[in-house]
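Scroll down for the structure; my scribbles are underneath it.
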Amino acid sequence: MATREVLIFGRFERFWHWGQMVLIVLLMFTGFGLHGFHNLLDFRVAVTLHTFSAFALLILWLFSVFWLFTTETWRHFLPTGRGLWRVLRFYSYGIFKGERHPYRKAYWRKHNPLQALAYLMLKIVLFPLIWITGIAYLLYFLWRGFPFSSEILEWIALIHTGAAFAILVFALIHIYMLTTGHSFWEHVRPMVTGFDKVELTPEEEAYLEKDQPAMIR
Amino acid sequence: MRRLTTTLLLGLCLGLVSGGLAAAEHAPAPPPPAEPLPPQVSGPLTGGTADHTKFEVLQQPFADGPAVTEACLSCHTEAGQHFMKNIHWTWEYVNRDTGQLLGKRHLINNFCTNARGNEGMCAQCHAGYGWKDESFDFTDETNIDCLVCHDNTGTYYKTPNSGGHPACAVMFEDLPPLDLTYVARNVGLPRRANCGKCHFNGGGGDNVKHGDLSTALIDPPRELDVHMDKDGLNFACTACHLTKRHLWAGSRYDVIAKDTEGTGKPGERRDVATCESCHGLSPHPVNSVANFKLNDHIASIACQTCHIPEFARGGVATMVEWDWRTAGKTRDGEGYHEHGYIQGNGEDRYVYKSIKGNFTYGEDLVPEYAWFDGQMRYTTIHTRFDLDAQPIEINSFTGSRHDLDSRIWPFKRMRTWMPVDEGNGTLVYAHLWGEDEAAYWGGYDMGVAIEKGMKDFGLDYSGDYGYAETISWWPITHMVAPKEQALACRDCHAADGRLDGLGDIYLPGRDHSRWLDNVGLLAVLATLITILGHALIRRFTNRGDSHDGHA
């Protein structure tokens, strides 16, 4: 077993991540402003930014879904119970004892079970909640004449706001997790350079060196 | 403009005359068509083909108003019949939907109360001559007052049709003599000042009643009204209140709260006074997300709501409260008045008059907002109400998000303590104007005035009068500000914004689920505390640094 620097986040994936980050921060900031939590932006500007950021994020998501399925990378997000408990135990106990993280990153499986589950829930629960309600809200002009439309809109707004709170909680934990290693930068770096330290079997190492030389260094 | 409008009328007149002459010259005349030709749609009238100063019939001294009217009708042969159908003449309006009999002839407002029985004074604003009591002949065309609307000299005026109590008659002394021939030869389409003679002074003074109609609109700057702007569009009232056969579009008795037709077909003239009839159904240029959203707003929000941010602007105050309870005080047996409100243009307004009571004024007022479907219901002389349920609404309206006919409209709210029949729970007709001692304006005895006012019209009166708090609602639609002064989003999309308390909608920025917000904020707070706790425990326990986790 050798630990090598392997490309685990390709260029598109990095672009997706950081693009998504910027847009979510923007949406969060403008959205909570529209909600009335702060008054740092003119409402008109906030509406415009919120709408355009939402469109941009939807387009980005369209590309990411296409990418996930055409590159088979969706498999990284498949949930698994194997090792989940040990990761949970690590974060709630072992980390305080200075234990080593129980998960070994593989280049074909870059997320630990807790991460995979968290990201999957984000993708299939929280994000759809917010984009489905958001699109319904944007298209209100089409269905405003329907019976009970204003009551339905209120529910849509509630779900939209609730999902925003949940995503904020996710983001806070997500950022905190970056501090749980040697350094903040160590965790952020792979999403910048694409390369992370991964333990490879001799076969994997040989394969990558021979067939995917750009993925290993 | 005056020349143009004058000649327009003349053109119409000459057209009729020359048509008749031509028919007479070419004998034998062709047989008249068996059926009148169906009307065709013409473009708006242009050009000027006649000059009223040259009309022979107008080169004579006129003894009185009706003599002028006779001269007018000698050319404008159908104008009399047309005119007698309109509300300026009938002072009567039957609402199609509620069946209520409305109009000044019947209604009681919470300003000077009832015109009925007081026509000697109030019918100064009737577009006719001499209505002072029930004997007025509504079928006599020569009783129509053409000049009050068509005088373009600004010198025409009217005085009460009856003398009134000597105490009041002094108001109308020392007026300059009226040159009817001069006025008659200088007629034209009505200018803002013509309509404003009555409509700017409704309720007994400048802007007293409507709040959005004041003498400031005679020559307004752009900031006061973007359409009537004297240096800009310079619209007369009839630019929007389109007129056909002396019937006008747009009335408080028949409000289109939501126009869904817009401009109509290309070039089509829709005889309505709605904003949409010119500006269409997507009035904001679709060049931004925000404007797209604004165009969506028009389904729920009347144009007036955003584009008339305040009313009673331009330096003329409107009355917001009137207290009849204090009326009738005299000094040495004489009525008096007190000044005490200096309005924006520097004019000092009365705050008390013996004949009317105390007044409270307001300027640059933020309207009240409510869903409005265009339908007003009036408390008439026949309506019985519960005196315990004050304030009593002189006119009330309905509307909601759900009926799709309603929009959020701005209103002026007028609050008045006014005389009522406490025994029967009704409004009253008070005899205010008259030469007799029963007339309140001079006699100062409200009980006697009501007794007579009710008896004159055979109305049931308990003999027990008092004062009740009343409210009336006035939709705001004039004094449209330039677009840069329109409301901004935050004026409504905020917790204590203008639409605070308005129901039936979820308004982002105003509305929250307190429950959801608390749970959400609590979750965020709990997360932060957990993170902090986790980090602290890590700091004090974790010596080794072998972590290899993932974000």
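Need the failing condition index for B:G232 against (1) small (G, A, S); (2) exposed (fewer than 15 other Cβ atoms within 10 Å of the Cβ); (3) under 20 Å from B:I408 (Cβ atoms), just the number.
Here B:G232 clears every test but (3).
Please count how many residues of the range B:443-471 are outside any loop (DSSP other than H, G, I, E, B), surrounded by fewer than 24 Cβ atoms within 10 Å (Cβ to Cβ) and among the small types (G, A, S).
4
Out of everything in the range A:190-208 that is within 11 Å of chain B (Cβ to nearest Cβ) and not β-branched (V, I, T), what residue ends up being surrounded by the most Cβ atoms within 10 Å (Cβ to Cβ)? If you could, list the steps in order and put the result at the bottom.
Going through the range A:190-208, the residues within 11 Å of chain B (Cβ to nearest Cβ) turn out to be A:190-191, A:196-199.
Checking the rest, the ones that are also not β-branched (V, I, T) come to A:190-191, A:196-197, A:199.
Values: A:P190: 22, A:M191: 17, A:D196: 20, A:K197: 14, A:E199: 16.
Filtering first and then ranking leaves A:P190.
Can you list residue pairs whose Cβ atoms sit under 8 Å apart, with the first residue in the range A:36-47 being within 8 Å of another protein chain (Cβ to nearest Cβ) and on the phi < 0 side of the Ramachandran plot and the second being surrounded by fewer than 16 Cβ atoms within 10 Å (Cβ to Cβ) and in a loop (DSSP other than H, G, I, E, B)? Count only pairs 6 or more apart in sequence or on different chains.
A:D42/B:A488; A:F43/B:A488; A:R44/B:A488
Which residue, of B:W417, B:W433, B:W409, is over 19 Å from B:R325 (Cα atoms) and either touching a Ser or Thr at 6+ places or on another chain (Cβ under 8 Å) or at pLDDT below 95 (or both)?
Of the residues listed, the single one that is over 19 Å from B:R325 (Cα atoms) and either touching a Ser or Thr at 6+ places or on another chain (Cβ under 8 Å) or at pLDDT below 95 (or both) is B:W409.
Which residues, counting only those in the range A:103-125, are surrounded by fewer than 18 Cβ atoms within 10 Å (Cβ to Cβ) and either of a type in the set (A, V, I, L, M) or at the interface with another protein chain (Cβ under 9 Å from one of its Cβ atoms) (or both)?
Residues of the range A:103-125 surrounded by fewer than 18 Cβ atoms within 10 Å (Cβ to Cβ): A:104, A:106, A:108-109, A:119-125.
Within the range A:103-125, A:R104, A:A106, A:L120, A:M121, A:L122, A:I124, A:V125 qualify.
If we keep just the residues of the range A:77-95 that are in a helix (DSSP H, G or I) and among the β-branched types (V, I, T), which is farthest from the other protein chains (Cβ to nearest Cβ)? Working first, answer last.
Our first condition is that a residue be in a helix (DSSP H, G or I); within the range A:77-95, this holds for A:77, A:84-95.
Of the ones still in play, those that are also among the β-branched types (V, I, T) are A:87, A:95.
On the way: A:V87: 8, A:I95: 6 Å.
My answer is A:V87.
For the range A:133-178, how many residues are at the interface with another protein chain (Cβ under 8 Å from one of its Cβ atoms), among the hydroxyl-bearing types (S, T, Y) and over 18 Å from B:V524 (Cβ atoms)?
2
Please determine, by comparing only the residues of the range B:494-544 that are acidic (D, E) and facing chain A (nearest Cβ under 9 Å), which one is farthest from A:H35 (Cα to Cα).
Here is the first cut: in the range B:494-544, the ones acidic (D, E) are B:496, B:500, B:504, B:511, B:517.
Subsequent filtering for residues that are facing chain A (nearest Cβ under 9 Å) retains B:504, B:511, B:517.
Values: B:D504: 18, B:D511: 8, B:D517: 10 Å.
Only one residue fits best here, namely B:D504.
Yes/no matrix, rows are residues, columns are (1) closer than 30 Å to B:E437 by Cβ; (2) surrounded by fewer than 18 Cβ atoms within 10 Å (Cβ to Cβ); (3) free of Cβ contacts under 8 Å to residues at least 24 places away in the same chain; (4) out of contact with any Leu (no Cβ under 8 Å at 6 or more places or on another chain):
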position: B:D137; (1), (2), (3), (4): yes, yes, yes, yes
position: B:H150; (1), (2), (3), (4): no, no, no, no
position: B:T153; (1), (2), (3), (4): no, yes, no, yes
position: B:K158; (1), (2), (3), (4): yes, no, no, yes
position: B:V170; (1), (2), (3), (4): yes, yes, yes, yes
position: B:D174; (1), (2), (3), (4): yes, yes, yes, yes
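Considering A:W67, A:W74, which residue is aromatic (F, W, Y), touching a residue at least 24 places away in the same chain (Cβ under 8 Å) and more than 11 Å from chain B (Cβ to nearest Cβ)?
Answer to the selection: A:W67.
With respect to A:G98, is the statement that it is over 21 Å from A:L168 (Cα atoms) and within 14 Å of chain B (Cβ to nearest Cβ) true?
On the way: over 21 Å from A:L168 (Cα atoms): yes; within 14 Å of chain B (Cβ to nearest Cβ): yes.
Yes.
Looking at A:G145, A:G162, which one is free of Cβ contacts under 8 Å to residues at least 60 places away in the same chain and buried (at least 17 other Cβ atoms within 10 Å of the Cβ)?
Details: A:G145 fails: buried (at least 17 other Cβ atoms within 10 Å of the Cβ).
Result of the check over A:G145, A:G162: A:G162.
Evaluate the range B:465-485: report whether one residue or more is of a type in the set (K, R) and either within 14 Å of chain A (Cβ to nearest Cβ) or under 18 Å from B:H297 (Cα atoms) (or both). Lay out the reasoning, then the answer.
Filtering the range B:465-485 down to residues of a type in the set (K, R) leaves B:483.
From the residues that got through so far, the ones that are either within 14 Å of chain A (Cβ to nearest Cβ) or under 18 Å from B:H297 (Cα atoms) (or both) too are B:483.
Yes: the range B:465-485 contains one or more residues that are of a type in the set (K, R) and either within 14 Å of chain A (Cβ to nearest Cβ) or under 18 Å from B:H297 (Cα atoms) (or both).
Looking at the structure I just gave you, is B:D491 within 11 Å of another protein chain (Cβ to nearest Cβ) and charged (D, E, K, R)? Outline the logic, then answer.
Details: within 11 Å of another protein chain (Cβ to nearest Cβ): yes; charged (D, E, K, R): yes.
Considered against the rule, which asks whether it is within 11 Å of another protein chain (Cβ to nearest Cβ) and charged (D, E, K, R), B:D491 comes out as yes.
For the range A:1-35, name all the residues that are surrounded by fewer than 15 Cβ atoms within 10 Å (Cβ to Cβ) and either over 21 Å from the mean Cα position of the chain (by Cα) or free of Cβ contacts under 8 Å to residues at least 12 places away in the same chain (or both).
A:M1, A:A2, A:T3, A:F15, A:M21, A:V22, A:V25
Quickly run through the range A:113-161 and pick out the residues that are among the hydroxyl-bearing types (S, T, Y) and under 23 Å from A:W61 (Cβ atoms).
A:Y119, A:T133, A:Y137, A:Y140, A:T161
Starting from the range B:428-454, keep only residues that are over 11 Å from B:A167 (Cβ atoms), then list their pairs with residues that are of a type in the set (K, R) and at pLDDT 95 or above whose Cβ atoms are within a distance under 6 Å, requiring at least 6 positions of separation or different chains.
Partner pairs satisfying both residue conditions: B:Y429/B:R116; B:H431/B:K452; B:A438/B:K452.
Across the range B:243-261, which residue is farthest from B:Q40 (Cα to Cα) among those that are surrounded by fewer than 17 Cβ atoms within 10 Å (Cβ to Cβ) and more than 14 Å from the chain's Cα centre (by Cα)?
Among those residues, the one meeting the criterion is B:T260.
Take A:L57 and decide whether it is crowded, with 16+ Cβ neighbours inside 10 Å, within 11 Å of another protein chain (Cβ to nearest Cβ) and aliphatic (A, V, I, L, M).
On the way: crowded, with 16+ Cβ neighbours inside 10 Å: yes; within 11 Å of another protein chain (Cβ to nearest Cβ): no; aliphatic (A, V, I, L, M): yes.
The answer is no for A:L57.
Which is touching a residue at least 24 places away in the same chain (Cβ under 8 Å) and within 28 Å of B:E92 (Cβ to Cβ), of B:L242, B:L180, B:L224? Outline the logic, then answer.
Values: B:L180 fails: within 28 Å of B:E92 (Cβ to Cβ); B:L224 fails: within 28 Å of B:E92 (Cβ to Cβ).
Step by step, each of B:L242, B:L180, B:L224 is checked, and only B:L242 is touching a residue at least 24 places away in the same chain (Cβ under 8 Å) and within 28 Å of B:E92 (Cβ to Cβ).
With respect to A:G33, is the statement that it is closer than 30 Å to B:V289 by Cβ, part of a helix (DSSP H, G or I) and in contact with a Phe, Trp or Tyr (Cβ under 9 Å, 6 or more places away or on another chain) true? Give the steps one after another, and end with the answer.
Values: closer than 30 Å to B:V289 by Cβ: yes; part of a helix (DSSP H, G or I): yes; in contact with a Phe, Trp or Tyr (Cβ under 9 Å, 6 or more places away or on another chain): yes.
Spelling it out, A:G33 is indeed closer than 30 Å to B:V289 by Cβ, part of a helix (DSSP H, G or I) and in contact with a Phe, Trp or Tyr (Cβ under 9 Å, 6 or more places away or on another chain).
Of the numbered conditions (1) free of Cβ contacts under 8 Å to residues at least 24 places away in the same chain; (2) farther than 24 Å from B:I471 by Cβ, B:S162 fails exactly one; give the number of that condition.
Result: B:S162 passes all but (1).
The values are calculated or read from the model by the stated rules, or taken from the named source; none is laboratory data. None of these values were measured; they are calculated from a predicted model. Positions of Cβ are generated from backbone atoms using ideal geometry, with glycine treated the same way; all protein chains shown enter the neighbour counts.
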